[in-house]
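The values are calculated or read from the model by the stated rules, or taken from the named source; none is laboratory data. Every value quoted in this text rests on a predicted model; they were computed, and no experiment measured them. When we count neighbours, we look across all protein chains shown, and the Cβ atoms used for this are built from the backbone with ideal geometry, even at glycine. Just the protein is used for accessible areas: all its heavy atoms, side chains included, with ligands, DNA and RNA removed. Shrake-Rupley method; radii C 1.70, N 1.55, O 1.52, S 1.80 Å.
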Amino acid sequence: MKYDFTTIMDRHGKDALAVDGLGLNPGFTPDAPQEGFDSIPMWVADMNFPTVPTITDAIIKRSQHPAFGYFSPTEEYYQSIITWQQKHNHVTGLTKENIGYENGVLGGVLSALSVIAHPGDKILVHSPTYIGFTMALGNAGYTIVHSPLIFENGTWHMDYADMDKKIKENHIHAAILCSPHNPCGRVWKQEELEKAMKVYEDNEVNLISDEIWSDLLMNGNKHIPTQSVNTYAHDHTIAFYAPSKTFNLAGLVGSYHIIYNKTLNDRVVGNGDKTHYNEMNVLSMHALIGAYQPEGYEWLEELKEVLSKNVNYAYDYIQEHFQGVSLAKPEGTYMLYLNCEGWCKAQHKTIQELEKAAWNVGVTWQDGEMFFGPYSVRMNLAVPYSRVVEAFDRLDKYVFNAEEK
């Protein structure tokens, strides 16, 4: 490969929550490992790979000019997004006027919700649910109504009848879709999105579609932009994207929305402008431009190959070695979502005891119950392949099959 996905980076002392945050927030962050084990960061959703060099080159080049005053996004910024969407998602008709900067997807979700709902309103969200949605919506005064995904034949599915029922019973007119889904890893197919949009249209629901994971697809899966599904989706969906997951830029902050409905777009943009919430960081702009260069396209293709290998290894290992653990093979994202109920009950262990046993030996996976999945664990596979192998070796020897060995 042209780019480096094998070096084990030392991130200690480099502002990395994934390694320096261990044990700092009990109940949210994993504990630090016991003596004799190093930490394999597999919890917070960032990657342990060096990003594409064109990003650091762009930041360094801009930082060499010693003035960082007020500025406006450049034409190159908007054109970089338009070209990226055309090449990756086959989007046509996207213009600068449809794009708006957002200080992070979660902030954008709340900003958008404020123009299609009011605090106290009920919002439809699928469960398992990304913890960021849970905290952000709750803190802003919204009430989440969960429509549980169905796990069947090794795959997660939307329950359209339940969605329709919950929307009608609770007089819901705003919903959030995660596409691809975090933490379950589903990449929704065209027909699934069409059925979901039929439910939303029949009930006059405006949709917020979080598509921040849309570049990170495993084993040849393809992303379908929600707004491309039909006319209703095009006109009633607020979609959010970012280079942050794709290129590991979360610490720089910088996302963007795509909204085709002019009235909706004016209201969302106006809300951000009035609060001064969306004041872009100039280095974030140059990071995006650096990411969306030809080298970024090439780097991403190599990354997807690496992640697919990691996912395939982890999935096959669990199926073969960890009795009582069920999961779907992720189609997108780099997260595994494990249901450990069978193992816990057979071993008379709580999920917290299982999680702690892994933390003790340096496998710092994440509590999955926070995502509304009982007996669940979320696990980040965006680490070098050698670390994936090491992590599952430790889980086998010291956790799932410790008594047998």
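Considering only residues of segment 50-101 that are within 27 Å of F5 (Cα to Cα) and of a type in the set (K, R), which is surrounded by the most Cβ atoms within 10 Å (Cβ to Cβ)?
So, considering only residues that are within 27 Å of F5 (Cα to Cα) and of a type in the set (K, R), the one surrounded by the most Cβ atoms within 10 Å (Cβ to Cβ) is R62.
Please determine, by comparing only the residues of segment 111-135 that are aliphatic (A, V, I, L, M), buried (at least 18 other Cβ atoms within 10 Å of the Cβ) and closer than 19 Å to V253 by Cβ, which one is nearest to the chain's Cα centre (by Cα). Spell out the reasoning first.
We begin by selecting, within segment 111-135, every residue aliphatic (A, V, I, L, M); these are 112-113, 115-117, 123-125, 131, 135.
Subsequent filtering for residues that are buried (at least 18 other Cβ atoms within 10 Å of the Cβ) retains 112-113, 115-117, 123-125, 131.
Retained after the next criterion (residues that are closer than 19 Å to V253 by Cβ): 112, 131.
Working: A112: 18, I131: 10 Å.
Restricting to residues being aliphatic (A, V, I, L, M), buried (at least 18 other Cβ atoms within 10 Å of the Cβ) and closer than 19 Å to V253 by Cβ, the top hit is I131.
Look through E169, E194 and report the one residue that is surrounded by fewer than 16 Cβ atoms within 10 Å (Cβ to Cβ), charged (D, E, K, R) and without any contact (Cβ under 8 Å) to a residue 24 or more places away in the chain. I'd like the intermediate steps shown before the answer.
Details: E194 fails: without any contact (Cβ under 8 Å) to a residue 24 or more places away in the chain.
It is E169.
Which one is farthest from the chain's Cα centre (by Cα) among residues in segment 324-364 that are surrounded by fewer than 23 Cβ atoms within 10 Å (Cβ to Cβ) and among the hydroxyl-bearing types (S, T, Y)?
Applying the filter and picking the extreme gives T350.
Conditions tested, residue by residue: (1) open to solvent by less than 10 Å² (accessible area, probe 1.4 Å); (2) of a type in the set (S, T, Y).
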| residue | (1), (2) |
| --- | --- |
| D164 | no, no |
| H181 | yes, no |
| Y200 | yes, yes |
| A242 | yes, no |
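All but one of (1) more than 20 Å from N182 (Cα to Cα); (2) in contact with a helix residue (DSSP H, G or I) (Cβ under 8 Å, 6 or more places away or on another chain); (3) hydrophobic (A, V, I, L, M, F, W, C) hold for W359; state the number of the condition that does not hold.
Result: W359 fails condition (2) only.
Here is a yes/no grid of residues against (1) farther than 29 Å from V19 by Cα; (2) modelled with pLDDT under 95; (3) of a type outside the set (S, T, N, Q):
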{"residue": "W43", "(1), (2), (3)": "no, no, yes"}
{"residue": "F49", "(1), (2), (3)": "no, no, yes"}
{"residue": "P53", "(1), (2), (3)": "no, no, yes"}
{"residue": "Q64", "(1), (2), (3)": "yes, no, no"}
{"residue": "S72", "(1), (2), (3)": "yes, yes, no"}
{"residue": "S80", "(1), (2), (3)": "yes, no, no"}
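So in segment 23-37, with the set limited to residues that are open to solvent by less than 70 Å² (accessible area, probe 1.4 Å) and modelled with pLDDT of 95 or more, which one is farthest from G254 (Cα to Cα)?
Step by step, filter segment 23-37, then rank; the result is F37.
What are the residue pairs meeting all of these: first residue in segment 114-141, first residue in contact (Cβ under 8 Å) with a residue 60 or more places away in the chain and farther than 22 Å from W43 by Cα, second residue in a helix (DSSP H, G or I) and basic (K, R), Cβ atoms under 7 Å, and 6 or more apart or on different chains?
Going by the 7 Å Cβ cut-off, the qualifying pairs are V115/R267; L124/K166.
If the Cβ limit is 6 Å and pairs must be 6+ apart or interchain, which residue in segment 287-298 that is surrounded by 21 or more Cβ atoms within 10 Å (Cβ to Cβ) pairs with which residue that is assigned to a loop (DSSP other than H, G, I, E, B) and among the β-branched types (V, I, T)?
G296/V52
From the list T155, T143, which residue is under 30 Å from Q319 (Cβ atoms) and open to solvent by 10 Å² or more (accessible area, probe 1.4 Å)?
Only one candidate passes the filter, namely T155.
Any chance segment 394-404 includes a residue that's in contact with a strand residue (DSSP E or B) (Cβ under 7 Å, 6 or more places away or on another chain) and under 30 Å from L300 (Cα atoms)? Quick ask: steps written out before the conclusion?
Let us first name the residues in segment 394-404 that are in contact with a strand residue (DSSP E or B) (Cβ under 7 Å, 6 or more places away or on another chain), namely 394-395.
Checking the rest, the ones that are also under 30 Å from L300 (Cα atoms) come to 394-395.
Yes, because at least one residue in segment 394-404 is in contact with a strand residue (DSSP E or B) (Cβ under 7 Å, 6 or more places away or on another chain) and under 30 Å from L300 (Cα atoms).
Can you name the residue in segment 87-106 that is in contact (Cβ under 8 Å) with a residue 24 or more places away in the chain and charged (D, E, K, R) and, of all such residues, is farthest from L217 (Cα to Cα)?
E97
Consider only pairs whose beta carbons are under 8 Å apart and that are at least six residues apart or on different chains; among these, list those whose first residue lies in segment 66-86 and is more than 13 Å from P243 (Cβ to Cβ) and β-branched (V, I, T) and whose second residue is open to solvent by 40 Å² or more (accessible area, probe 1.4 Å) and in a helix (DSSP H, G or I).
Listed pairs, sorted by first residue: I82/K96.
Read through the list (1) open to solvent by 40 Å² or more (accessible area, probe 1.4 Å); (2) part of a helix (DSSP H, G or I), then give the number of the only condition that A314 fails.
(1)
List pairs: first residue in segment 10-25 and free of Cβ contacts under 8 Å to residues at least 60 places away in the same chain and within 20 Å of R387 (Cα to Cα), second residue in a loop (DSSP other than H, G, I, E, B) and among the basic types (K, R) anywhere in the structure, Cβ distance under 6 angstrom, at least six positions apart or on different chains.
V19/R11
With among the acidic types (D, E) and either over 28 Å from V52 (Cβ atoms) or crowded, with 17+ Cβ neighbours inside 10 Å (or both) as the only criterion, which of E369, E302 stands out? Spell out the reasoning first.
Working: E302 fails: either over 28 Å from V52 (Cβ atoms) or crowded, with 17+ Cβ neighbours inside 10 Å (or both).
On inspection, the qualifying residue turns out to be E369.
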